[in-house]
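One structure below.
Throughout, read-outs are computed from the coordinates displayed, never taken from laboratory work. This is a predicted model, so every value here is computed, not measured. Cβ placement follows ideal geometry from the backbone for every residue including glycine, while neighbour counts extend to all protein chains displayed.
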């Protein structure tokens, strides 16, 4: 297959390029040129049509990962950039597909499981999940709307409502590992919030599964079927790194720390209780369904 991946210069994108380039032709569309061993690269600005759009013609899959990181302070400048980077890239890709004589058979767009409300005890599935409120949720809603507002006859569409991604080469595992090794491996806040997660290899495998299963479309939860409480996750980290000094992080301390490192506590205090019902019903098999298995590999 010919697979196009936009904004593949982050942890998840680089892993996807490596995963799919072993068996398929991969073209990476990015803002800043990066050399990939087994992939062609094209440049774009994420909002305007250009020569890069020719690569979509006759391709099999388009995977759009474009979007400014939410690991920042939610000031007005960053909020505007978070919206623009998602909505503009989605819009220009939709228009590029419309201009194709032979459009991609499948358009996969990044999305987020944070679209669901804060939930301690009620599982959020694609069919029964309740949409939350606030800035992050509004971003997710507008993002998905801009994606699904495009209607195509020959291009299937899937939005990936992805949970927290775990992997040894990047993402959240790096700060979590450092905190644990320094003795700050206690619960965060009251520790009761649900932690929905997925191993990076299962992200790649689930996308491959979606590509092969043409009956799958719409918004799909990309997560392990076994979310856990924050306190359980932190305990598993302590056991993995042989650290038993438990220094908890109360909410007021997290708020202070978030200001210092320029991020938001929502990323760790919001309770995300996400269940991947569509993948389960379609027969997807996770390689890392339990947190202990995932952390061992990480």
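The C-alpha atoms of the range 192-238 occupy a region whose extents along the principal axes are 40, 19, 10 Å, arranged from largest to smallest.
All alpha carbon pair distances within the range 159-252 were sorted into 5 Å bins beginning at 0; the resulting P(r) in whole percents reads 3, 13, 20, 21, 16, 11, 8, 5, 3, 1. The long axis of helix 251-261 is offset from the longest Cα principal axis of the chain by roughly 50 degrees. Seen against the Cα atoms of the chain and their longest principal axis, helix 76-98 is set at about 30 degrees.
Where both partners of a DSSP beta bridge lie in the chain, what percent of those bridges are antiparallel, to the nearest 5?
Values: 7 of 41 bridges.
Approximately 15 percent, going by the DSSP bridge assignments.
Once both labels are positioned 7 Å from their Cα atoms along Cα-to-Cβ, the gap between residue 24 and residue 261 label points is 3.4 nm. Residues in the range 45-84, backbone N under 11 Å from the label point at residue 95 (7 Å along the Cα-to-beta-carbon vector): list them, ranges by number please. Counting backbone N atoms under 11 Å from the label point, the list is 47-50. Here the scattering of the chain is modelled by Debye summation over its C-alpha atoms, one equal scatterer each and no solvent; at q = 0.07, 0.08 Å⁻¹ the log10 of I(q)/I(0) is -0.26, -0.34.
Note on residue 75/residue 174: beta-carbon distance plugged into 1/(1 + (r/R0)^6) with R0 of 22 Å gives a FRET efficiency of 0.35.
The alpha-carbon atoms of the range 79-173 define a convex hull whose volume equals 135 cubic angstrom per residue.
Counting 0.36 nm for each residue step from residue 243 to residue 138 and taking away their Cα separation leaves a gain of 33.9 nm.
Once the Cα atoms are used to define both axes, helix 135-148 deviates from the longest principal axis of the chain by about 20 degrees.
So what is the 222 nm mean residue ellipticity for the chain from helices alone, if each DSSP H run of at least 4 adds -39500 (n - 2.57) and you divide by all residues, rounding to the nearest 500 deg cm²/dmol? If you can, show how the numbers build up before the last one.
Values: 10 runs with 108 residues, N = 298.
After summing the helix terms and dividing by the residues of the chain, the value is -11000 deg cm²/dmol.
If R0 equals 35 Å, the separation of the Cβ atoms of residue 47 and residue 214 corresponds to a calculated FRET efficiency of about 0.70.
So what's the range 121-213 giving for Cα Rg divided by 2.2 N^0.38 Å, two decimals?
1.38
What are the semi-axes of the equivalent ellipsoid of the range 1-144, taken as the square roots of 5 times the eigenvalues of the Cα gyration tensor, listed largest first and rounded to whole Å?
Its equivalent ellipsoid spans semi-axes of 28, 17, 16 Å.
Would you mind getting the Kirkwood hydrodynamic radius of the range 137-176 from its Cα pairs, rounded to one decimal in Å?
Numbers: mean 1/r = 0.0780 Å⁻¹.
Over the range 137-176, the inverse of the mean reciprocal pair distance is 12.8 Å.
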